[in-house]
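Q: Okay, here's the structure, questions in a sec.
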Amino acid sequence: QTPIERKPNWIRTRAKMGPEFTELKGLVKREGLHTVCEEAGCPNIYECWEDREATFLIGGEQCTRRCDFCQIDTGKPAELDRDEPRRVAESVQAMGLRYSTITGVARDDLPDEGVWLYAETVRQIHALNPNTGVENLIPDFHAKPELLAEVFESRPEVLAHNLETVPRIFKRIRPAFRYERSLDVIRQARDFGLVTKSNLILGMGETPEEVTEAMRDLHDAGCDIITITQYLRPSPRHHPVERWVKPEEFVEHTAAAEEMGFAGVMAGPLVRSSYRAGKLYAKAMAH
Ligand code: SF4
Ligand code: SF4
């Protein structure tokens, strides 16, 4: 491995276990529940769970697309599990969550590209947990208005779609997505009247100036909340880490995003798009 693969010392996790975390941890184990937080070994679990926030993955374990930073397998997905929305809603209830992020794989194998699954999960969480916020982090559904409409009408508190990188390297990093099409998803969600959110992953070959331009494109498309994160390579067959972004640069991006007018900004080496998502949503609403 080249030296760049070594993580710098500012990528360090804080393992502080609070009472809410400890309670959730036991409950999830007892009930056999599945969260991305645990299964992806997310370093932020102590903080998010302490706030009763968690993330769930829907649609199965195989994705029909292949992004160069993503650890989810590409392949032919299993048949759609129509009972999954109910189980996720019950997990949210069992965990007593204040805020839940729902994300999943792209299901280009299905006629509706999985839109029913995403929308139904939001509907069922809301029905069973009227006080829990739902952030729906969706694939692009090819930005087809008739598909997006169903997921918009399920009215998640936040509709998120991640741009992830800048135009110059976009095709290489996200071959099945398009930069403009992803911006269009945000634009359509904003026009529908939803609170919108997106993410940029740094360290995949972009320059700081290109990050600023992508932030501006997102803001122009109507994006309300932005998270900016450091790329961590899931395995040697994934895109290499091109640079470790210094904490100072994240501070500069935060200032630039606030200056541009984003209602909520979270940027840092360990930030993920669902990191303290409920807190960030509340802050953006108070903006
Ligand atoms: Fe991963 Fe989403 Fe890309 Fe599929 S579409 S490979 S789940 S980032
Ligand atoms: Fe879970 Fe996301 Fe928080 Fe990680 S950042 S613990 S995946 S909610």
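All of the numbers you see were taken from the coordinates with simple rules; none came from a lab. Remember, it's a predicted structure, so these values are computed and weren't measured experimentally. A quick note on method: Cβ atoms are made from the backbone with ideal geometry, for glycine too, and the neighbour counts reach across all protein chains shown.
Q: Could you give me the ³J(HN,Hα) list for the range 175-183, computed from phi with Karplus coefficients 6.51, -1.76, 1.60 and θ = phi - 60°, whole Hz, x at Gly and Pro?
A: With the stated coefficients, the range 175-183 comes to x, 8, 10, 10, 4, 5, 5, 5, 4 Hz.
Q: At q = 0.13, 0.19 Å⁻¹, what is the log10 ratio I(q)/I(0) for the range 163-230, with the Debye formula run over Cα points and no solvent?
A: Once normalised to I(0) and log-transformed, intensities are -0.32, -0.68.
Q: Which net charge results when you count Lys and Arg as +1 and Asp and Glu as -1 among the other residues whose beta-carbon is under 10 Å from that of R52? Walk me through the numbers before you get to the answer.
A: Working: positive: R98; negative: E20, E23, E50, D51, E53.
Computed value for this residue: -4.
Q: Would you give the gap between the C-alpha center of the range 12-56 and the C-alpha center of the range 143-178, rounded to a whole Å?
A: The range 12-56 and the range 143-178 have Cα centres spaced 27 Å from each other.
Q: Obtain the nm distance between the two label points defined at D109 and E90 by a simple spin-label model: each point lies 7 Å from its Cα along the Cα-to-C-beta direction.
A: 2.5
Q: Further question on the same structure: Hey, with R₀ at 22 Å, roughly what FRET efficiency would E61 and R30 work out to, going by the Cβ-Cβ distance, to 0.05?
A: So, using R0 = 22 Å, E works out to roughly 0.40.
Q: Okay, moving on. Between K171 and E248, take the C-beta separation as r, use R0 = 25 Å, and let me know the FRET efficiency to the nearest 0.05.
A: Calculated transfer efficiency: 0.25.
Q: In percent, how large is the relative contact order of the chain, given Cα pairs closer than 8 Å and 6 or more residues apart?
A: Numbers: 532 pairs, mean separation 47.1, N = 287.
Value for the chain: 16 percent.
Q: Placing +1 at every Lys and Arg Cβ and -1 at every Asp and Glu Cβ, with all other atoms neutral, what dipole size does the range 118-265 have around its Cα centre, in debye to the nearest 20?
A: 620
Q: Could you give the length gained by full extension between E39 and R190, i.e. 0.36 nm per residue of separation minus their alpha carbon distance, to one decimal place?
A: 51.2 nm
Q: Work through the residues other than R243 whose Cβ is under 10 Å from its Cβ and net out their charges, Lys, Arg +1 and Asp, Glu -1.
A: Taking every Cβ under 10 Å from that of R243, the sum is -2.
Q: Size of the chain along its principal axes in angstrom, Cα-based, largest extent first?
A: Largest to smallest, the principal-axis extents are 44, 44, 41 Å.
Q: Using a simple spin-label model with points 7 Å from Cα along the Cα→Cβ vector, what separation in nm is obtained for R82 and A286?
A: So the label points at R82 and A286 sit 4.4 nm apart.
Q: Dipole magnitude of the chain about its Cα centre, charges +1 at Lys/Arg Cβ and -1 at Asp/Glu Cβ only, in debye to the nearest 20?
A: Values: 38 positive and 46 negative charges, 151 e Å.
It comes to approximately 720 debye.
Q: Taking 2.2 N^0.38 Å as the expected size of a compact globular protein, what ratio does the Cα radius of gyration of the range 1-94 give against it, to two decimals?
A: The reported ratio for this selection is 1.32.
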